[in-house]
Every structure is written in structure tokens, then in C-alpha cells.
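Everything below concerns the one structure shown next.
The values are calculated or read from the model by the stated rules, or taken from the named source; none is laboratory data. Treat the numbers as computed from the prediction; the structure is a model and nothing was measured. Cβ sites come from the backbone with ideal geometry, for glycine too, and all protein chains shown count toward neighbours. For the accessible areas, the whole protein counts, side chains as well, though only heavy atoms, and no ligand, DNA or RNA atoms are used. Shrake-Rupley method; radii C 1.70, N 1.55, O 1.52, S 1.80 Å.
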Amino acid sequence: MSKFINFAVLFIFILNRNQMKEEKENENILDEVTTSEYKYGFYTDIETETAPKGLNEDTIRFISKKKNEPEWLLEFRLKAFRYWQTIEEPNWALLNHPPIDYQDIIYYAAPKQKKQAESLDEVDPELLETFNKLGISLEEQKMLTGVAVDAVVDSVSVKTTFQDTLAKHGIIFCSFSEAVQDHPELVREYLGTVVPHTDNYFAALNSAVFSDGSFCYIPKGVRCPIELSTYFRINAANTGQFERTLLVADEGAYVSYLEGCTAPQRDENQLHAAIVEIITHDDAEVKYSTVQNWYPGDKDGKGGIYNFVTKRGLCKGNNSKISWTQVETGSAITWKYPSCTLLGDNSIGEFYSVAVTNNYQQADTGTKMIHIGKNTRSTIISKGISAGKSNNSYRGLVRVSKKAENARNFSQCDSLLLGDKCGAHTFPYIKNSNSTSVVEHEATTSKISEDQLFYCQQRGIDTEKSIGLIVNGYAKEVLNKLPMEFAVEAQKLLAITLEGSVG
Amino acid sequence: MLLNIKDLHVSIDGKEILKGCNLGVNNGEVHAIMGPNGTGKSTLAAAITGREGYDITSGEIIYKGQDISELSPDIRANEGIFLSFQYPVEIPGVSITNFMRTAINAQREYRGEQPIAAGEFLKKMEEKKKLVDIQSKLTNRSVNEGFSGGEKKKNEIFQMAMLEPTFAVLDETDSGLDIDALKVVANGVNALRSENNAFVVITHYQRLLDYIVPDFVHVMYDGKIVKSGGKGLANELEEKGYDWIKEHVQNG
């Protein structure tokens with residue numbers, strides 16, 4: 001009995017200690033609230049090799065040739081480009097921006113490097129410095145965190161770490177270009193199967209011009225022993241970034257994948273149109289987490305990234321699961337609907353989202369859960385936070401097909417408003433064609449109350465910190481879904497993003 | 001004198017609530033303020049703590065020799081002023097532990113001190129939890145979310161014990177408490193009483209004052225303190241009712 005109690009005490013102690021750790025980090029985070037300027041606004045001068053400005057079949061051939069691609073991939077690109085030319089940019093989202101001149105964009109920029117780096121010593125020191133400023137030094141990551149990082153700078157993968165560890169498990173984790181060279185059969189089998197070039201306008205554009213990205217394959221029965229992480233970063237001026245991620249979890253496989261994004265400060269708006277495709281076979285699970293912190297533009301709405309991203313997951317096998325967790329704090333415009341097609345019986349789709357907008361930021365984001373298999377389940381938790389003069393919309397679709405017996409969906413969409421000049425909108429669409437299914441939707445809109453603020457202030461916590469505390473509490477349900485190291489970064493970003501929003 | 005309120009007039013949306021309130025509190029003292037509903041007791045608490053929307057139209061609040069009427073609520077709190085809220089608010093997703101740690105470190109930062117060490121903080125939490133008899137699982141829950149009336153008030157006293165204020169106002173801390181919870185709350189307050197702090201206890205009923213024995217009792221009526229005395233005044237008030245005060249005021 002006493003032994004049991006000792007265990008219990010020890011357990012509580014460990015719990016408390018973890019909590020303390022978390023809280024300690026919390027405070028550091030709040031300390032950083034005082035820095036209001038975009039933290040990652042520096043520019044690294046690395047000689048780039050660029051494609052000529054503008055988009056035509058020659059540009060596509062240039063990119064394909066640069067990357068030494070097989071003929072079928074060039075054909076894939078050209079087909080997408082020809083389709084793209086026939087369609088119009090969508091305008092149904094609650095977003096407002098000047099027209100994008102697609103001929104005024106450089107579609108390919110690669111940091112010049114003499115040869116493929118074998119170790120960190122061979123990587124451009126200035127590039128490493130960039131990572132250091134971001135706090136994601138590869139060396140540090142390598143030694144301390146045990147996270148494999150495939151760092152993408154201006155569309156070309158610079159260095160992939162932990163390849164050896166992963167190789168032991170038969171896991172392939174490399175840049176997209178490497179995958180095309182080394183595993184063409186896998187790429188060809190899965191590329192475009194979840195996001196065909198006809199999915200939407202930006203997917204077609206990406207399919208035509210994508211420069212690089214990440215590829216990940218987890219073989220049958222393998223549980224990836226480490227969190228896989230990719231940092232994307234836009235670096236040169238006037239270059240769109242069109243990366244492409246393809247993630248395949250074979251039968252019974254599991255992987256947790258992290259994607260983090262920061263970009264330097266620029267006045268010109270930069271286009272970003274990425275694609276992420278996930279395929280899970282029978283009994284496989286993929287957890288995909290994103291912290292998106294691209295430059296949101298300045299306080300007057302000048303500059304910032306236009307982020308038009310297509311993320312789709314296909315639960316192809318029975319009992320498979322795909323879980324999207326996103327924290328969106330950056331970009332001038334966010335257009336993003338990570339989705340799950342639940343094809344396999346008993347498959348599960350999840351979407352956990354925190355989207356914060358401040359100043360003149362605009363976000364139109366949400367998810368699609370397409371129930372096709374029997375007993376499929378989906379959960380949607382969306383937390384929108386609007387401040388300043390920003391607009392924040394949740395747009396979601398839950399579709400239950402005729403064959404989806406006993407499908408279940410639960411959606412919860414909450415909006416939090418700071419101030420009275422911002423907007424929060426919810427557009428839930430439900431299309432249910434099966435009478436045995438249950439679809440539930442809950443939505444709330446709230447404001448940070450004067451009472452809550454005063455309560456915190458009366459305990460000695462200043463206004464900024466009080467808001468940080470309340471907002472992080474509000475978003476906790478989603479932040480808890482993030483891996484630890486990401487949760488801390490996300491909490492920081494929430495506080496930094498909302499700095500100066502009340503006052 | 002720790003706190004000296006001189007001829008304080010306070011309006012809310014242009015309506016005058018406090019109409020020349022005077023109150024002097026020394027270190028080591030406990031003052032009770034009684035009086036019927038709507039006479040300005042909570043307004044006094046709000047004015048002392050600096051709540052927005054309570055406009056001081058004239059008069060002074062002198063605390064530790066300085067007029068604090070222009071200071072923000074968090075500065076006043078960090079100067080040692082604490083309010084036990086009549087209606088504590090919920091802060092979803094923020095655990096009491098996290099909340100307290102943030103508050104204590106805000107206080108430390110204000111004093112130019114280093115953040116509290118994890119071990120020290122935990123030890124302090126355990127110690128103060130015992131004082132008000134609250135369970136560990138409660139401090140892991142979100143601040144006041146789903147708390148019973150008694151738990152909310154115990155939580156207020158717990159926070160007071162953690163922050164160790166110099167001057168604390170307890171705004172109807174006894175309302176909605178059963179006798180056991182009332183005793184716990186009173187014991188908590190009594191344990192914190194010292195020569196270096198002072199309390200103002202706002203209450204309707206004499207009942208609480210059986211457990212927190214005040215040095216002075218004031219009766220507030222229509223925005224003013226109209227009668228002051230010792231502990232006996234509370235008993236007299238309980239016996240004769242507030243009509244007695246009305247007559248007292250009307251007869252001048």
C-alpha cells in the first residue's frame with residue numbers, strides 16, 4: 001500500500017515538474033511580448049540562381065531541367081500548367097487583395113552551392129547563421145532535440161539530418177528532388193493522387209512549378225522513432241515559394257510530422273502556394289503539425305505573404321488516421337483548408353486549428369472532412385482569434401456520402417474578438433447523405449471580458465501579459481495537440497502576434 | 001497610516017455613488033464595512049483597486065503616503081493591494097498554478113527580483129493550499145471554471161495567501177458560503193493577519209465577524225461612512241437592523 005502511495009507521490013511530482021517546466025517557458029514567452037517588430041525580419045545574402053521572371057512552358061522546362069527530372073514529371077508539370085491556363089483564380093473566400101500578377105514572379109531560386117553537402121561543415125556558413133537566428137541551428141537540433149530536420153531555404157533542400165537513424169528503420173525522409181532521383185517509382189505512384197492538379201487553381205499552379213519540398217515514406221509496421229520536422233523559409237525577394245510535400249504511411253506505420261514556417265520582412269507581397277499530400281494505408285497514422293509564422297505585413301497592412309495552401313490527406317486504408325494541427329499566426333492572407341478523405345472503414349480524421357489575425361491580416365481557413373467509409377469519425381476544433389482590423393473566417397465542409405454508415409462528426413468553432421474593429425466569421429457546410437450518421441456542430445463567439453482582464457490585472461499582471469494568458473488559455477485545447485517543442489513556440493507566437501492589440 | 005481615504009467621490013457613468021467617503025486604516029488593523037445593498041461598498045473596493053469606469057471626481061486615496069488614484073490596477077496590485085472578488089471570474093484554459101506563477105513573477109519583476117524557483121513555488125503552493133484546505137486537483141483546474149461558490153471564495157483566499165498583500169479588501173467573501181467554508185475562509189484570513197498588513201472586510205452580516213474579529217466596524221449608507229465603532233457596533237446593527245441606521249442618518 002505504502003509503495004503504491006510512494007508511486008503516486010512520485011507521479012504527481014513528475015506531473016508538477018513538467019507543468020512547472022511548461023510554465024517557466026510560458027513566462028519567458030510573455031517576456032518576449034515586449035518585442036513588437038517582426039522577429040524574423042532579417043535577410044540573408046546568399047547568391048541565388050534564379051529562373052527568369054514570369055511563367056510559360058519554358059519556365060517549367062527550365063525548372064524541370066535544373067532538377068534533372070524524368071520525362072514523366074515534366075509531362076505532369078506541363079499538363080498542370082495547361083490546365084491552370086484555362087481556369088480562373090477563385091474568389092469565394094472572404095479575402096481582399098490586389099490582383100496577383102503571375103508574370104511578375106520568379107518561379108525558381110536556388111541557393112548556389114558547388115556540390116551537395118555531406119556534413120554541416122560544408123553548408124554555407126551564412127545559411128547556418130540564418131538557422132541560428134531562427135533558433136533552429138541544425139547542430140543544436142541534431143544534438144539536443146533528436147528531431148530530424150529537412151531544412152528548405154528558397155525551395156531547395158539544404159541538408160537532411162538523421163538520415164542514418166531513419167534509414168535503419170527503412171524510413172525515407174528526404175527532399176522532394178532527391179526522392180525524384182532516388183525513389184522515382186514511389187513518387188510516381190503517389191504524386192497527385194490526393195491533390196490532383198485539378199483540385200484548385202493554386203494546386204494547378206504548384207503542380208506546374210513546384211521547386212522542392214519534402215518526401216517521406218514510412219514502411220509497413222514501422223513507428224517512426226523521432227518527430228520529423230521541416231522548416232520552410234522564404235528568403236529572396238519576389239520569389240514565390242511552391243513547395244510540395246508527399247507523405248506516405250504504409251500499413252500499420254506511424255509518424256508525427258512538424259512543419260514550421262518563418263520568412264524575412266519584405267515590402268512586396270510574396271506568393272506562397274504549397275501542396276501537402278498524405279496517404280495512410282490500413283492501420284496507419286499520420287499526425288501533421290504546422291506552426292505558420294510568415295511575415296504578416298506591417299501595422300498598416302503593407303507587405304506580407306499571400307499563403308494559398310492545399311493540404312489534403314487520404315485515409316486510404318481501414319482503421320487509418322490523419323490528424324492535422326495548425327497554428328496560423330502569420331501571412332497577410334491565409335487560404336488554407338487541410339482536409340481528410342475518410343475512404344477506409346473505421347478511419348479517423350482530425351483537425352485542430354488556432355488562427356490568429358491582427359492589424360490588417362486576413363485568414364479564411366478551415367477543413368473538409370469527407371466521409372466515404374463505414375464507421376468513419378471526424379473531429380474539428382477551430383479557435384479563431386481576431387484583433388486589430390483583421391478578418392478571420394472559419395470555412396468548413398463535412399460531407400457524409402451514401403455509403404458512410406454510422407459516420408460521426410463533431411465540430412466546434414469558437415471565435416474570440418479583441419477590440420471592435422475586427423471580424424470573425426463562420427461558414428460551416430454540412431452535406432449529409434446517410435441517415436445513420438451523426439453530425440454535430442457547435443459554435444461560439446466571445447470577447448475577452450473587462451472582468452477577466454481586471455481580474456488578472458488585480459493580481460499584478462499587466463494588460464499585455466493578461467491578454468497573452470487569456471488567449472493561450474482559450475487556445476489550450478488545440479495547443480495541447482502540438483508536440484512539446486512546437487507548443488512552446490506556438491504560445492510565444494500567439495502572444496507576439498497580439499502585442500499591441502488592446503490599448 | 002497605511003491607507004487614508006479622504007472625502008472620496010466616485011461616479012459610474014456620471015452617476016455619483018460615493019459621496020464623500022472617509023476611511024483610515026493602519027497596519028495591523030482589521031476593519032469591517034457593513035451596510036445595506038447599493039450603498040457603495042463594492043464601489044469603494046473598485047476605486048481602491050483601480051477598476052476602469054469608476055471615476056474619482058474628487059478626494060484622495062493615499063496608500064503608503066502616495067496618492068494612487070492615477071496608477072493602473074496591476075501597479076496597485078504589485079504595491080501590495082489585493083481584492084478578494086465578490087464574483088470571481090472564470091479564465092478557461094488557465095490553471096490556477098499557471099495563473100499564480102504568472103502573478104507571483106509579475107510581482108517579483110516589479111520589485112526587480114528574479115522569477116521564483118520551481119521548487120520554492122511548489123513548496124509555497126502546498127503550504128498555502130493547506131491553509132485554506134483546497135485540494136491539489138483544484139489548482140490544476142482552470143481558474144474558477146466550474147468551481148462551486150465555496151471553492152471560488154477559498155481560491156480567492158488562497159491567492160491572497162500566495163501573494164501576501166499589505167492591504168487586502170474582502171468583498172462579501174462570506175456570501176454564498178456554508179458555515180464550514182466560512183470557518184475555513186476566516187481561519188485563512190486570521191492566519192495571515194500580522195502587524196505588517198491590514199484588512200478591510202465588506203459584509204452584510206455580522207456572522208463573518210464572529211470568526212474574523214474586526215478592530216473597527218463602519219456602517220456605510222448612501223455613499224458615506226455614517227457610523228463607526230468597535231466590534232460591538234456589528235452586534236448592535238444585527239439586533240436593530242439597517243432601518244436603525246436610516247433613522248440615525250435622517251436624524252443627523
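Enumerate the strands (runs of 3 or more DSSP E) found wholly within the range A:344-404, keeping only those where 1 or more residues are crowded, with 24+ Cβ neighbours inside 10 Å and more than 22 Å from the chain's Cα centre (by Cα).
A:362-371, A:391-400
Condition check ((1) in contact with a helix residue (DSSP H, G or I) (Cβ under 8 Å, 6 or more places away or on another chain); (2) more than 10 Å from chain B (Cβ to nearest Cβ); (3) at pLDDT 85 or above) across all residues:
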site	(1), (2), (3)
A:GLY419	no, yes, no
A:LYS431	no, yes, yes
A:TYR455	no, no, yes
A:ASP462	yes, no, yes
A:LEU469	yes, no, yes
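When the residues of the range A:47-86 are filtered to those that are of a type in the set (Ser, Thr, Tyr), out of contact with any Phe, Trp or Tyr (no Cβ under 8 Å at 6 or more places or on another chain) and touching a residue at least 40 places away in the same chain (Cβ under 8 Å), which remaining residue is least open to solvent (accessible area, probe 1.4 Å)? Step through it out loud before you land on a result.
If we filter the range A:47-86 for residues that are of a type in the set (Ser, Thr, Tyr), which is where we start, we get A:48, A:50, A:59, A:64, A:83, A:86.
From what is left, the residues that are out of contact with any Phe, Trp or Tyr (no Cβ under 8 Å at 6 or more places or on another chain) are A:48, A:64, A:83, A:86.
Filter again for touching a residue at least 40 places away in the same chain (Cβ under 8 Å), leaving A:48, A:83.
Numbers: A:THR48: 51, A:TYR83: 69 Å².
Among those that are of a type in the set (Ser, Thr, Tyr), out of contact with any Phe, Trp or Tyr (no Cβ under 8 Å at 6 or more places or on another chain) and touching a residue at least 40 places away in the same chain (Cβ under 8 Å), it is A:THR48.
Within the range A:405-419, the set of residues being open to solvent by less than 10 Å² (accessible area, probe 1.4 Å) and not in a strand (DSSP E or B) comprises A:ALA407, A:LEU418. Scanning the range B:61-96 for residues that are facing chain A (nearest Cβ under 8 Å) and among the small types (Gly, Ala, Ser), we see that the one that is farthest from B:CYS21 (Cα to Cα) is B:GLY93. When residues in the range A:459-483 are screened for being under 25 Å from A:GLU350 (Cα atoms) and outside any helix (DSSP H, G or I), 5 of them pass. Report yes if some residue within the range A:163-182 is modelled with pLDDT of 70 or more, part of a strand (DSSP E or B) and out of contact with any helix residue (DSSP H, G or I) (no Cβ under 8 Å at 6 or more places or on another chain); otherwise report no. Taking every residue of the range A:163-182 in turn, at least one turns out to be modelled with pLDDT of 70 or more, part of a strand (DSSP E or B) and out of contact with any helix residue (DSSP H, G or I) (no Cβ under 8 Å at 6 or more places or on another chain).
Return the residues of the range B:79-99 that are surrounded by fewer than 23 Cβ atoms within 10 Å (Cβ to Cβ) and not hydrophobic (A, V, I, L, M, F, W, C); say none if nothing qualifies. Of everything in the range B:79-99, those that are surrounded by fewer than 23 Cβ atoms within 10 Å (Cβ to Cβ) and not hydrophobic (A, V, I, L, M, F, W, C) turn out to be B:GLU79, B:GLY80, B:GLN86, B:TYR87, B:PRO88, B:GLU90, B:PRO92, B:GLY93, B:SER95, B:THR97.
Does B:ILE134 qualify as being aliphatic (A, V, I, L, M), outside any helix (DSSP H, G or I) and in contact with an Asp or Glu (Cβ under 8 Å, 6 or more places away or on another chain)? Taking the combined requirement at face value, the residue satisfies it. Between B:LYS130, B:LYS153, B:LYS123, the distinction of being surrounded by 19 or more Cβ atoms within 10 Å (Cβ to Cβ) and farther than 30 Å from B:GLU16 by Cβ belongs to B:LYS153 only. The residues in the range B:18-59 that are within 14 Å of chain A (Cβ to nearest Cβ) and surrounded by fewer than 16 Cβ atoms within 10 Å (Cβ to Cβ) can be counted, and the count is 2.
Can you find even one residue in the range B:225-238 that is open to solvent by 10 Å² or more (accessible area, probe 1.4 Å), among the hydrophobic types (A, V, I, L, M, F, W, C), under 28 Å from B:PHE158 (Cα atoms) and not in a helix (DSSP H, G or I)? Among the residues of the range B:225-238, not one is open to solvent by 10 Å² or more (accessible area, probe 1.4 Å), among the hydrophobic types (A, V, I, L, M, F, W, C), under 28 Å from B:PHE158 (Cα atoms) and not in a helix (DSSP H, G or I), which makes the answer no. Summed over the range B:106-149, residues that are away from chain A (no Cβ under 12 Å), β-branched (Val, Ile, Thr) and within 24 Å of A:ILE470 (Cβ to Cβ) total 1.
Can we say B:ASN140 is in contact (Cβ under 8 Å) with a residue 40 or more places away in the chain and surrounded by fewer than 23 Cβ atoms within 10 Å (Cβ to Cβ)? Yes: the conditions hold for B:ASN140. Inside the range B:192-205, residues that are open to solvent by 10 Å² or more (accessible area, probe 1.4 Å) and in contact with a Ser or Thr (Cβ under 9 Å, 6 or more places away or on another chain) make up a count of 4.
Counting only residues that are away from chain B (no Cβ under 14 Å) and either out of contact with any Ser or Thr (no Cβ under 7 Å at 6 or more places or on another chain) or within 23 Å of B:PRO73 (Cα to Cα) (or both), the range A:471-495 holds 3 of them.
Given the criteria open to solvent by 20 Å² or more (accessible area, probe 1.4 Å), part of a helix (DSSP H, G or I) and among the β-branched types (Val, Ile, Thr), does B:VAL189 qualify?
Values: open to solvent by 20 Å² or more (accessible area, probe 1.4 Å): no; part of a helix (DSSP H, G or I): yes; among the β-branched types (Val, Ile, Thr): yes.
Taking the combined requirement at face value, the residue does not satisfy it.
Can B:LEU23 be described as among the hydrophobic types (A, V, I, L, M, F, W, C), farther than 30 Å from B:ARG141 by Cα and part of a strand (DSSP E or B)? Reasoning before the result, please.
Details: among the hydrophobic types (A, V, I, L, M, F, W, C): yes; farther than 30 Å from B:ARG141 by Cα: yes; part of a strand (DSSP E or B): yes.
So B:LEU23 fits the description; yes.
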